[in-house]
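Below you'll find the structure, written out as structure tokens, and then a few comments.
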Amino acid sequence: MEDNQKQYQFQVNMKGMIELLSEHIYSSPTVFIRELLQNGMDAVTMRKGIDPTFIGQITVTFNGDQLIFQDNGIGLTQDDVHQFLSVIGQSSKRGELADKDLIGKFGIGLLSCLVVSETIVVETRSLYKEESVRWIGHADGTYDVEQIDLLPEIGTKVILNAKRAWRTLFKKSEVKENILFYGSALPIAVSLVEEDTTELILDGNPVWLDPESSKEDLLHYGKEVFKTKFLDVFRLESTTGELQGVAYIIPNKVNSSSTKEHKIFLKRMYLCDQATNLLPEWTSFVRCIINSNALQPTASRESLMNNTVLQETKKELSECFKDYLKTLSLTNIDVLEKIISIHHIYIKSLAAIDTEIMKMFEDYLPFETNQGLMSFGMIKESYREIYYTPSLDDYRQIRRIAGSQKKLVINAAYSYETDLIDKIKRLNSDLIIEKIAPNDILQEFEAAIVKDDTIHEFVNKANAVLKKHYCKAEVKRFEPKDTTAIYIANEDALSSKNIQSLSESANPFASTLKHFKKQEEVMPTLCFNQQNELVEKIMVIDDQELFEALINVLYVQSLMLGGYTINKREMDTFNDALYQFMILGMSSFLPKI
Ligand SMILES: Nc1ncnc2c1ncn2[C@@H]1O[C@H](COP(=O)(O)OP(=O)(O)OP(=O)(O)O)[C@@H](O)[C@H]1O
């Protein structure tokens, strides 16, 4: 460095730092409880590293607006205090033990106490030195250190004085709730002390991590945690993620958009309730409690870091789910059937990507069909030819018109359902499984009986009326007889119709849209029923005005029956026609002039 250059030290604006922590990094001011529990736990783990038989404990004492977190862990020497407590971002938790067993790693956790307390007082006695130190950290970034009388026991006390605004967070009930929330999985006893009473609130042995716990114990625990009486429970394990846990089967249908709440712990400390990157979407039928020693937290310690360990763990967890379902199929078919009947969406989306599951559960999987909800086993038994449609609009139409046909049509509109059917097709080469569109059904209606030119003329006349609706006429024979006409439009025919009506409206893109108009063959069809009495009569009507009104009414009526949206022009035509009928109907009753 040249003589005229000086080197300066970065300064940290403590107030800004605390604001950053409280407003942007941590989602709640209660995280100071998590950080204190974590530091106490880590200090005990370090002491246990030296003496494995050592039994650690954490005690929280309430003293008015003062809270004292005390552990009997490794403690700090005066040098440690300067080195680790007083330098932000400095942590003693480095090395093999830290990677494997310690929770803290960033060296910022203690700062979270300054969100709720003006100062942090630490009184500590190290395992390594016969001295005790008091360190006082202030919110303005300064700190004091002094030697104090030797504390009677090795360990550390952190003393906080509630800021006015956060007094309620220091109340016993509140602290207890937060300790149970963050620390329920910690392998350490935690007691609360107020005046003369001591209450042990955690014993360090959570039921769900105990391999001896029975299914009943686990279900009971799940009910307490999630306030739900679950259908069943199974264990989760991953070697890569050094993960153990339990998965509870939700007893009711789960909306795919609803948030999936779990309880995720890292090194036995609560991390978050979301596991979106750890559990695939098809596992949405469970709520999990999971602890991992190998997954990594993000710096806010509120979500999981997406790394290769996480990806591998995700695969291993998926295997646990599959193993559970496989075992159920051999040991408890009743529960399996219940799960499939409630959560078939998820089991089906798993089957769509997993051939083994597909083969195993194929017969149980339910499908929505025009003949009602049916399992694939039932479908296979009763039909050799199976049809499906991947469009919900098409399915709705087909359901209405294919009933009389006795054809079986599956609604395959869910995103994974087409993949599933493709897979079924590959696995069942003896079955005929085909895609179907509404127009295919139309082709199968019985042809009209043609005696003379009446039908031909009727179709021409009706076409002239229907042209403005972007629709063409046809005459067939179908059941039920009292249905006058059916409107049939494939998905692409409907979009042509919409483009057509847009291009005729005052739309700035109208001229461009015209180029996209589809040809004649995708035009929607109004199929009249020759077997219907009214249709028979319309065919022989002479009056052009009345004919037009009748065709318009039948057209709009068919749209309504099919559940289609009706545009303004269609509604106006319908109203005009109705008006004409009323006048006509009244004409013979009006007084003669
Ligand atoms: N109860 C305690 N007993 C012994 N040492 C402690 C205790 N609390 C804090 N320390 C020391 O202070 C350091 C800083 O603590 P802090 O909570 O800020 O960060 P950390 O725990 O290292 O990491 P993280 O930010 O991930 O929590 C720790 O690394 C540790 O050396």
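The values are calculated or read from the model by the stated rules, or taken from the named source; none is laboratory data. Predicted model only: the values in this text are computed from it and were never measured. Neighbour counts are summed over all protein chains in view; Cβ atoms, including those assigned to glycine, are modelled from backbone coordinates with ideal geometry.
Values computed for the structure shown
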item	result
Hits in segment 518-576 - residues which are of a type in the set (Phe, Trp, Tyr), within 17 Å of PRO438 (Cβ to Cβ) and either outside any strand (DSSP E or B) or free of Cβ contacts under 8 Å to residues at least 60 places away in the same chain (or both)	TYR555, TYR564
Checking LEU127 against (1) at pLDDT 90 or above; (2) touching a Leu at 6+ places or on another chain (Cβ under 6 Å), the condition it does not meet	(2)
Condition check for GLU130: under 15 Å from VAL60 (Cβ atoms), out of contact with any strand residue (DSSP E or B) (no Cβ under 8 Å at 6 or more places or on another chain) and surrounded by fewer than 20 Cβ atoms within 10 Å (Cβ to Cβ)	no
Conditions (1) without any contact (Cβ under 8 Å) to a residue 24 or more places away in the chain; (2) in a loop (DSSP other than H, G, I, E, B); number of the one not met by LEU278	(1)
ILE154 being closer than 26 Å to THR313 by Cβ, of a type in the set (Val, Ile, Thr) and at pLDDT 95 or above	no
Check on THR53, of a type in the set (Val, Ile, Thr), more than 10 Å from the ligand (Cβ to nearest atom) and part of a loop (DSSP other than H, G, I, E, B)	yes
Checking ALA43 against (1) hydrophobic (A, V, I, L, M, F, W, C); (2) farther than 21 Å from THR119 by Cβ; (3) within 10 Å of the ligand (Cβ to nearest atom); (4) modelled with pLDDT of 95 or more, the condition it does not meet	(2)
Selection count, segment 253-267, where residues are of a type in the set (Lys, Arg) and touching a Pro at 6+ places or on another chain (Cβ under 8 Å)	0
Options SER91, SER112: the member that is buried (at least 22 other Cβ atoms within 10 Å of the Cβ), at pLDDT below 95 and either within 11 Å of the ligand (Cβ to nearest atom) or in a loop (DSSP other than H, G, I, E, B) (or both)	SER112
Unmet criterion (only one of (1) near the ligand (Cβ under 8 Å from one of its atoms); (2) crowded, with 18+ Cβ neighbours inside 10 Å; (3) closer than 26 Å to TRP166 by Cβ; (4) not basic (Lys, Arg)) for GLY75	(3)
From GLU199, GLU212, GLU216, residue being modelled with pLDDT of 95 or more, part of a loop (DSSP other than H, G, I, E, B) and over 19 Å from LEU279 (Cα atoms)	GLU212
Index of the failed condition, VAL81 passing every other in (1) within 13 Å of the ligand (Cβ to nearest atom); (2) without any contact (Cβ under 8 Å) to a residue 24 or more places away in the chain; (3) among the β-branched types (Val, Ile, Thr)	(2)
So ILE103, is it outside any strand (DSSP E or B), in contact with a strand residue (DSSP E or B) (Cβ under 9 Å, 6 or more places away or on another chain) and more than 13 Å from the ligand (Cβ to nearest atom)	no
Among the candidates ILE33, ILE68, residue that is in contact with a Lys or Arg (Cβ under 8 Å, 6 or more places away or on another chain) and either in contact (Cβ under 8 Å) with a residue 24 or more places away in the chain or outside the structural domain of LEU110 (by TED's automatic domain parsing) (or both)	ILE68
Filtered residues of segment 324-349 (kept if among the β-branched types (Val, Ile, Thr) and under 22 Å from the mean Cα position of the chain (by Cα))	ILE339, ILE340, ILE342, ILE345, ILE347
Within segment 554-593, considering residues that are of a type in the set (A, V, I, L, M, F, W, C) and more than 30 Å from ARG396 (Cβ to Cβ), the one surrounded by the most Cβ atoms within 10 Å (Cβ to Cβ)	LEU584
When residues of segment 287-326 are limited to those that are closer than 30 Å to GLU23 by Cβ, in a loop (DSSP other than H, G, I, E, B) and among the aliphatic types (A, V, I, L, M), the one modelled with the lowest pLDDT	ALA299
Any hit, segment 66-88, residues being at pLDDT below 95, farther than 30 Å from ASN293 by Cα and part of a loop (DSSP other than H, G, I, E, B)	no
Residue within segment 181-188 that is loosely packed, with under 13 Cβ neighbours inside 10 Å and assigned to a loop (DSSP other than H, G, I, E, B) present	no
Hits in segment 235-275 (condition: closer than 21 Å to LEU219 by Cα and free of Cβ contacts under 8 Å to residues at least 24 places away in the same chain)	ASP273
Tally of residues being within 18 Å of SER86 (Cα to Cα) and more than 35 Å from the chain's Cα centre (by Cα) across segment 5-46	10
Residue ID - nearest to the ligand (Cβ to nearest atom), chosen from residues in segment 128-168 that are farther than 25 Å from ILE108 by Cβ and in a strand (DSSP E or B)	SER132
Residue under evaluation LEU67, criteria (1) surrounded by 18 or more Cβ atoms within 10 Å (Cβ to Cβ); (2) near the ligand (Cβ under 9 Å from one of its atoms), criterion not met	(2)
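Conditions (1) over 17 Å from ILE249 (Cβ atoms); (2) crowded, with 18+ Cβ neighbours inside 10 Å; (3) of a type in the set (A, V, I, L, M, F, W, C), marked per residue:
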residue: LYS263; (1), (2), (3): no, yes, no
residue: LYS267; (1), (2), (3): yes, yes, no
residue: THR276; (1), (2), (3): yes, no, no
residue: ASN291; (1), (2), (3): yes, yes, no
residue: SER300; (1), (2), (3): yes, no, no
residue: GLN311; (1), (2), (3): yes, no, no
residue: LEU328; (1), (2), (3): no, yes, yes
residue: ILE342; (1), (2), (3): no, yes, yes
residue: LEU350; (1), (2), (3): no, yes, yes
